[in-house]
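Below: the structure, in C-alpha coordinates.
The values are calculated or read from the model by the stated rules, or taken from the named source; none is laboratory data. All figures in this text were calculated on a predicted structure; none of them were measured in a lab. FYI the Cβ positions are ideal-geometry reconstructions off the backbone, even for glycines, and counts take in every protein chain you see. Remember, those area values only see protein heavy atoms, side chains included, never the ligands or the DNA or RNA. Shrake-Rupley method; radii C 1.70, N 1.55, O 1.52, S 1.80 Å.
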Amino acid sequence: MKQVTLIPILLLITFSSFAQIHGKILDVDKNPIAYANIQIKTKGTISNEEGDFEIKTSNFNPTDSVHISFLGYKTLKMIVKDFVSKNYVLEESINDLSEVEVSKKNYTLDEILTKVKERIDSNYVTSNYKLRVFNRSTYYN
(Lines give C-alpha, C1' and ligand atoms only; values in the text may rest on other atoms or scores of the structure.)
Protein backbone atom coordinates (compact mmCIF):
# COMPACT_ATOMS: atom_id res chain seq x y z
CA MET A 1 0.00 0.00 0.00
CA LYS A 2 2.89 2.38 0.77
CA GLN A 3 4.31 1.85 -2.73
CA VAL A 4 0.98 2.74 -4.35
CA THR A 5 0.83 6.16 -2.61
CA LEU A 6 4.56 6.79 -2.94
CA ILE A 7 4.68 6.43 -6.75
CA PRO A 8 2.20 9.26 -7.57
CA ILE A 9 3.94 11.57 -5.09
CA LEU A 10 7.34 10.87 -6.69
CA LEU A 11 5.91 11.43 -10.17
CA LEU A 12 4.37 14.74 -9.07
CA ILE A 13 7.67 15.92 -7.57
CA THR A 14 9.58 14.83 -10.70
CA PHE A 15 7.27 16.64 -13.15
CA SER A 16 7.02 19.82 -11.06
CA SER A 17 10.80 20.10 -10.74
CA PHE A 18 11.19 20.21 -14.54
CA ALA A 19 8.81 23.10 -15.29
CA GLN A 20 9.89 24.31 -18.71
CA ILE A 21 8.35 27.29 -20.42
CA HIS A 22 8.40 27.28 -24.23
CA GLY A 23 7.39 30.37 -26.13
CA LYS A 24 7.96 32.72 -29.01
CA ILE A 25 8.77 36.45 -28.99
CA LEU A 26 6.94 38.40 -31.73
CA ASP A 27 6.42 42.02 -32.73
CA VAL A 28 2.92 43.48 -33.26
CA ASP A 29 3.00 42.37 -36.93
CA LYS A 30 3.62 38.75 -35.76
CA ASN A 31 7.23 38.77 -37.01
CA PRO A 32 9.66 36.85 -34.78
CA ILE A 33 12.15 38.86 -32.73
CA ALA A 34 15.52 37.12 -32.79
CA TYR A 35 17.81 37.30 -29.74
CA ALA A 36 15.29 38.88 -27.34
CA ASN A 37 16.21 38.63 -23.64
CA ILE A 38 14.09 36.62 -21.22
CA GLN A 39 15.25 37.14 -17.64
CA ILE A 40 14.12 35.90 -14.23
CA LYS A 41 16.17 37.35 -11.37
CA THR A 42 19.81 36.80 -12.38
CA LYS A 43 19.12 33.88 -14.74
CA GLY A 44 17.90 34.12 -18.29
CA THR A 45 17.95 33.03 -21.88
CA ILE A 46 17.81 34.51 -25.37
CA SER A 47 15.34 33.70 -28.13
CA ASN A 48 16.77 32.07 -31.26
CA GLU A 49 16.59 33.34 -34.87
CA GLU A 50 12.90 32.38 -35.10
CA GLY A 51 12.03 34.06 -31.79
CA ASP A 52 11.63 30.73 -29.94
CA PHE A 53 12.86 30.30 -26.38
CA GLU A 54 12.85 27.79 -23.53
CA ILE A 55 13.52 28.45 -19.86
CA LYS A 56 13.24 26.42 -16.66
CA THR A 57 11.11 28.14 -13.98
CA SER A 58 11.02 25.54 -11.21
CA ASN A 59 13.89 27.18 -9.28
CA PHE A 60 12.03 30.47 -8.86
CA ASN A 61 9.28 31.70 -6.56
CA PRO A 62 5.85 32.31 -8.15
CA THR A 63 6.18 36.01 -7.24
CA ASP A 64 9.59 36.54 -8.91
CA SER A 65 9.63 38.97 -11.84
CA VAL A 66 10.04 37.98 -15.47
CA HIS A 67 11.36 40.56 -17.94
CA ILE A 68 11.20 40.10 -21.72
CA SER A 69 13.12 42.81 -23.56
CA PHE A 70 14.73 43.78 -26.82
CA LEU A 71 16.35 47.03 -27.95
CA GLY A 72 13.77 49.30 -29.58
CA TYR A 73 10.81 47.59 -27.89
CA LYS A 74 8.98 48.11 -24.59
CA THR A 75 9.96 45.64 -21.87
CA LEU A 76 7.24 43.14 -21.00
CA LYS A 77 7.03 42.43 -17.25
CA MET A 78 5.09 39.76 -15.34
CA ILE A 79 5.49 37.35 -12.43
CA VAL A 80 6.56 33.73 -12.74
CA LYS A 81 3.11 32.30 -11.92
CA ASP A 82 1.65 34.20 -14.93
CA PHE A 83 4.56 33.20 -17.21
CA VAL A 84 3.23 30.30 -19.31
CA SER A 85 4.14 28.65 -22.61
CA LYS A 86 2.73 30.93 -25.33
CA ASN A 87 3.63 33.69 -27.79
CA TYR A 88 4.66 37.04 -26.28
CA VAL A 89 4.24 40.25 -28.28
CA LEU A 90 6.54 43.24 -27.76
CA GLU A 91 5.45 46.75 -28.75
CA GLU A 92 7.84 49.20 -30.39
CA SER A 93 9.29 51.93 -28.21
CA ILE A 94 9.91 55.24 -29.93
CA ASN A 95 12.73 57.31 -28.46
CA ASP A 96 12.97 60.98 -29.39
CA LEU A 97 16.49 62.25 -29.67
CA SER A 98 17.50 65.67 -28.45
CA GLU A 99 18.48 68.53 -30.72
CA VAL A 100 21.47 68.07 -33.01
CA GLU A 101 23.62 70.92 -34.31
CA VAL A 102 24.81 70.60 -37.91
CA SER A 103 27.54 72.87 -39.18
CA LYS A 104 29.85 72.98 -42.16
CA LYS A 105 32.59 74.67 -40.13
CA ASN A 106 35.80 72.69 -39.79
CA TYR A 107 36.50 72.66 -36.05
CA THR A 108 40.03 72.36 -34.74
CA LEU A 109 40.92 69.71 -32.20
CA ASP A 110 41.08 72.31 -29.42
CA GLU A 111 37.59 73.64 -30.31
CA ILE A 112 36.14 70.11 -30.26
CA LEU A 113 37.74 69.30 -26.90
CA THR A 114 36.48 72.60 -25.44
CA LYS A 115 32.89 71.77 -26.52
CA VAL A 116 33.20 68.24 -25.10
CA LYS A 117 34.43 69.58 -21.74
CA GLU A 118 31.55 72.10 -21.60
CA ARG A 119 28.97 69.32 -21.93
CA ILE A 120 30.73 66.46 -20.18
CA ASP A 121 28.19 66.17 -17.32
CA SER A 122 25.17 66.09 -19.64
CA ASN A 123 26.66 63.73 -22.25
CA TYR A 124 28.58 61.23 -20.15
CA VAL A 125 28.14 59.31 -16.91
CA THR A 126 30.86 60.68 -14.66
CA SER A 127 29.92 58.87 -11.45
CA ASN A 128 30.66 55.25 -10.55
CA TYR A 129 28.03 52.70 -11.49
CA LYS A 130 27.54 48.96 -11.59
CA LEU A 131 27.24 47.32 -15.00
CA ARG A 132 26.05 43.82 -15.87
CA VAL A 133 27.52 42.36 -19.05
CA PHE A 134 26.31 39.38 -21.07
CA ASN A 135 28.61 37.58 -23.49
CA ARG A 136 27.57 34.85 -25.89
CA SER A 137 29.92 32.83 -28.07
CA THR A 138 29.15 30.33 -30.80
CA TYR A 139 31.62 27.78 -32.11
CA TYR A 140 31.16 25.89 -35.36
CA ASN A 141 33.00 22.72 -36.36
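The angle between the Cα long axis of helix 109-118 and the main principal axis of the chain comes to about 60°, on a 0 to 90 degree scale. Principal axis extents of the Cα atoms in the chain, from largest to smallest and rounded to whole angstrom, are 90, 39, 38. For the stretch 60-141, just list the percent of Cα-Cα distances falling in each 10 Å bin from zero outward, please. With a bin width of 10 Å, the distribution comes to 11, 21, 27, 22, 13, 6. Solvent-accessible area of the chain (1.4 angstrom probe, protein heavy atoms only): carbon and sulfur portion equals 54 percent.
Mind pulling the angle between the C-alpha long axis of helix 2-16 and the longest principal axis of the chain? Nearest 10 degrees, somewhere in 0 to 90. In the chain, helix 2-16 runs at an angle near 10 degrees to the longest axis. Scanning residues 5 or more positions from Met78 or on other chains, those with amide H under 5 Å from its amide H are Val66, with H placed 1.01 Å from N in the peptide plane. Lysine pair count for the stretch 39-141 with Cα-Cα distance under 22 Å and sequence separation of 8 or more or different chains is 21. Only helices enter this figure: runs of n ≥ 4 DSSP H residues, each worth -39500 (n - 2.57), summed and divided by the residues of the chain, yield -6000 deg cm²/dmol at 222 nm to the nearest 500. A simple charge model with +1 on the Cβ of Lys and Arg, -1 on the Cβ of Asp and Glu and nothing else charged puts the dipole of the stretch 9-141 at about 520 debye relative to its Cα centre. In this structure the chain gives 86 Å² per residue of accessible area when probed at 1.4 Å with all protein chains present. A probe of 1.4 angstrom, applied to the heavy atoms of all protein chains, finds Lys41 with accessible area near 120 square angstrom.
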